[in-house]
Amino acid sequence: MAIIGNFTKQDSAYQGTIATLSVNAKATITPIEKTGEQSPDFRVFAGKAEIGAAWKATSKAGNPYISVKLDDPSFPAPIFCRLAESDKAHSLIWSR
């Protein structure tokens, strides 16, 4: 597992940064109105560019987290990660 982002919660959105080998950007995870059961709960933006979507989820242990799908033209394929709370901060954790 690798931490590729750090976020703080501000109202109902999350503000922070995402850093990978090809991306280093300030990002916002913003709630949206769901349009269907499978539709995302959030959109992920780097500046004004939409780079992903996210869904509310719960771990097997019952802990809430946000499942995030990021995509960028520099990625060979979309990456999946989770935004999890730890000590009032939120880490964006990626694992293969």
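The values are calculated or read from the model by the stated rules, or taken from the named source; none is laboratory data. All values derive from a computational prediction rather than experimental measurement. For neighbour counting, all protein chains shown are included, and Cβ atoms are generated from backbone atoms with ideal geometry for every residue, glycine included. Ligands, DNA and RNA are stripped out before the accessible areas are found, and what is left, the full protein with its side chains, is counted by its heavy atoms. Shrake-Rupley method; radii C 1.70, N 1.55, O 1.52, S 1.80 Å.
Out of curiosity, is ILE66 among the hydrophobic types (A, V, I, L, M, F, W, C) and either at pLDDT 95 or above or touching a helix residue (DSSP H, G or I) at 6+ places or on another chain (Cβ under 6 Å) (or both)? When the stated conditions are applied, ILE66 passes them.
Checking each residue in the range 31-45 for being at pLDDT 95 or above and either open to solvent by less than 30 Å² (accessible area, probe 1.4 Å) or of a type in the set (Lys, Arg) (or both) picks out SER39, PRO40, ASP41, PHE42, ARG43, VAL44. Residues in the range 2-30 that are over 15 Å from ASP72 (Cβ atoms) and either modelled with pLDDT under 95 or of a type in the set (S, T, N, Q) (or both): ALA2, ILE3, ASN6, THR8, LYS9, GLN10, ASP11, SER12, GLN15, THR28, THR30.
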